[in-house]
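Data block below; observations after.
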Protein chains: 2
Amino acid sequence: MMKKVLVTGGAGFIGRAAALALRARGFHVHAAGRRAVADLPADIRWHQVDLLEEGALAGLLGHIGPSHVVHVAWEVTPGKYRASPANLDWLRVSLGLIDYARMRPETRLVGIGTCFEYDLAGGTLSETATPCRPQTVYGRCKLALALAFETAAALGLSTAWGRVFYPYGPGEADGRLLPAVARACLSGQLLDCTVATQRRDFVYIEDLGEQIARLADGAVTGNVNLCSGAPITLHTLIDGLARRLGGAGLMRYGVRPAAGEDSLPLIAGDTARLRDEVGWAPSLTLDETLDRTAAWWRARG
Amino acid sequence: MMKKVLVTGGAGFIGRAAALALRARGFHVHAAGRRAVADLPADIRWHQVDLLEEGALAGLLGHIGPSHVVHVAWEVTPGKYRASPANLDWLRVSLGLIDYARMRPETRLVGIGTCFEYDLAGGTLSETATPCRPQTVYGRCKLALALAFETAAALGLSTAWGRVFYPYGPGEADGRLLPAVARACLSGQLLDCTVATQRRDFVYIEDLGEQIARLADGAVTGNVNLCSGAPITLHTLIDGLARRLGGAGLMRYGVRPAAGEDSLPLIAGDTARLRDEVGWAPSLTLDETLDRTAAWWRARG
């Protein structure tokens, strides 16, 4: 039988990458989001829908009848999503996915979580060993849904929960780190940075899409870190992109204080499950991913 | 203004104790549950309703308009509740309480959680220091709702989450430890027990009701252990009741193996928040609570 996947939030940075990777694996892909039109290949069926509206998710699921659901949609407005009450709305609406799977127990459900569910003091964060201790509204509501997904798995359903670390690459939204770097370089403006010696687990967006597609196309249950497992300093990433865009001298390191979780020396993911159980391995070098990211920004102007 | 509280699950072991304690504090008490009639004083208004039915909770809240809600209702069938899919239904329905509080931000919400949200290997479990690591469907769904309550508090609402340890006393349902002891004693039958040297944090049901009432009548937010802080061995509790009911010799200690969490040497709660912030202190000795429990069983026959 044809594998039919619904990707919610399918026009966003992560959802689009997941939809493309699932398409490349041979899935029949449906994608949904609030936008009227999404920049997606014609054979990906687009559904314009606000999933927070009463009954919208159940209606969409009933209409499509997917064998797989990759649930990316959530409150993601940069600068706002961490403290938004909409996180509670997304939690409640998302539980409807489990209701669908309870009625159709052959369904495979993959939810998208975050490294911010963990106690970040852990450094290298492990799905099994690191305690969860979210500090934000966003992290708490994501963890609450992760627990519901775990519950569904304990009840015999096929669910997995991917915890995304620091994605970057073409298509990243303004308000985040690399877009700020790119815009400064392209406009010749100075950019105030932190000391940038903190190490983070950055994951290239196409790699992340592939990880999600493999997770969806398999049978692993429970929590899985979605990351590179190769943390680098912020400086390495910022300087790598800025050099390619001719703006390395515009970065003012150490000018902006690193507050809160930004000040932690290391946030990285343990990749044992991702590698051994999901079967993912990197195919691109850091230089290649930065080349592609820089090319995308150059083409955009 | 009159404080008007809705106690969900108000006819159950914990809900009834909470309703009586809230009444004693001067609240106007509404209680709800699936039973046609509840054994409650006449000035407690009873609402027969299945809260898992679509729209039932919103309807009840709209009808009563409570200033306070104590949410005890949940899947609690002895022997079944830990693995029941109904835990997911209760999670979703319970999120509706937060929606109500978002529309009426002066509302005080108290939810009832469980020590089984914690990593039980911790021994003496602390709201702030002990990681959460639930191992059952029940524990996971309770923790998911706890996170939603924490989220609501972070958004400025007045919510608290009481984590109940091991309640006992008059009215306890069959299928649990002390009712089995009492029934064996009253019928002269042997009872197979574990070695019973494990220590647990037992809390007398009237004390628990008082703790919940104080928590509801205050402004403490976040997670609060509801327990005695004075763990005793299972043997102490079993023997204490059995002696009072003339059946101490019927208890066959060490005959039944202690499996899973039953084999942990200690499960107790840190009472710092309960004592210092909620302002609760015990008023009865263990002997007094066992006297009352034994008297209730004797009267029941």
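A short reminder: the numbers here are calculations on the coordinates, not readings from a lab. Nothing here was measured: the structure is a model prediction, and the numbers come from that model. All Cβ positions, glycine included, derive from the backbone under ideal geometry; neighbour counts span all protein chains shown.
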Seminar exercise, completed: Looking across the range B:125-158 at residues that are crowded, with 18+ Cβ neighbours inside 10 Å and among the hydroxyl-bearing types (Ser, Thr, Tyr), the single one that is farthest from the other protein chains (Cβ to nearest Cβ) is B:Ser158
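Quick one: which of A:Gln211, A:Gln189, A:Gln198 is buried (at least 24 other Cβ atoms within 10 Å of the Cβ) and of a type in the set (S, T, N, Q)? Working first, answer last.
Working: A:Gln189 fails: buried (at least 24 other Cβ atoms within 10 Å of the Cβ); A:Gln198 fails: buried (at least 24 other Cβ atoms within 10 Å of the Cβ).
Criteria check complete, one pass: A:Gln211.
Select from the range A:207-261 the residues that are farther than 22 Å from A:Ala148 by Cα and charged (D, E, K, R) and list them in ascending order.
Taking the range A:207-261 first, the residues farther than 22 Å from A:Ala148 by Cα are A:207-210, A:227-261.
If the condition is that a residue be farther than 22 Å from A:Ala148 by Cα and charged (D, E, K, R), then A:Asp207, A:Glu210, A:Asp239, A:Arg243, A:Arg244, A:Arg252, A:Arg256, A:Glu261 are the ones that fit.
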Exercise. Residue check, B:Trp296 against (1) within 26 Å of B:His71 (Cα to Cα); (2) touching a Pro at 6+ places or on another chain (Cβ under 8 Å); (3) of a type outside the set (A, V, I, L, M), all met but one. Which one?
Worked result: (1)
Problem set entry | So A:Leu95, is it closer than 24 Å to B:Arg102 by Cβ, within 7 Å of chain B (Cβ to nearest Cβ) and touching a residue at least 12 places away in the same chain (Cβ under 8 Å) | yes
Exercise. Considering A:Ala248, A:Ala242, A:Ala230, which residue is surrounded by 16 or more Cβ atoms within 10 Å (Cβ to Cβ), of a type in the set (Gly, Ala, Ser) and in contact with a helix residue (DSSP H, G or I) (Cβ under 9 Å, 6 or more places away or on another chain)?
Worked result: A:Ala242
For this session: Could you tell me which residue of the range A:56-110 is farthest from the chain's Cα centre (by Cα), considering only residues that are acidic (Asp, Glu) and under 24 Å from A:Gly209 (Cα atoms)?
Result: A:Glu106
For this session: Would you check if B:Tyr81 is within 11 Å of chain A (Cβ to nearest Cβ), touching a residue at least 12 places away in the same chain (Cβ under 8 Å) and of a type in the set (Phe, Trp, Tyr)?
Result: no
Exercise. Can you name the residue in the range A:99-124 that is within 11 Å of chain B (Cβ to nearest Cβ) and buried (at least 24 other Cβ atoms within 10 Å of the Cβ) and is also nearest to B:Leu88 (Cα to Cα) among such residues?
Worked result: A:Glu117
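Do we find a residue being in contact with a Pro (Cβ under 9 Å, 6 or more places away or on another chain) and under 17 Å from B:Arg176 (Cα atoms) anywhere in the range B:285-293? Explain how you work it out, then say what you get.
Looking only at the range B:285-293, we keep the residues that are in contact with a Pro (Cβ under 9 Å, 6 or more places away or on another chain), and these are B:292-293.
From what's left, under 17 Å from B:Arg176 (Cα atoms): B:293.
Yes: the range B:285-293 contains one or more residues that are in contact with a Pro (Cβ under 9 Å, 6 or more places away or on another chain) and under 17 Å from B:Arg176 (Cα atoms).
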For this session: Scan the strands (runs of 3 or more DSSP E) fully inside the range B:1-111 and keep the ones with 1 or more residues being aliphatic (A, V, I, L, M).
Result: B:4-8, B:28-33, B:68-71
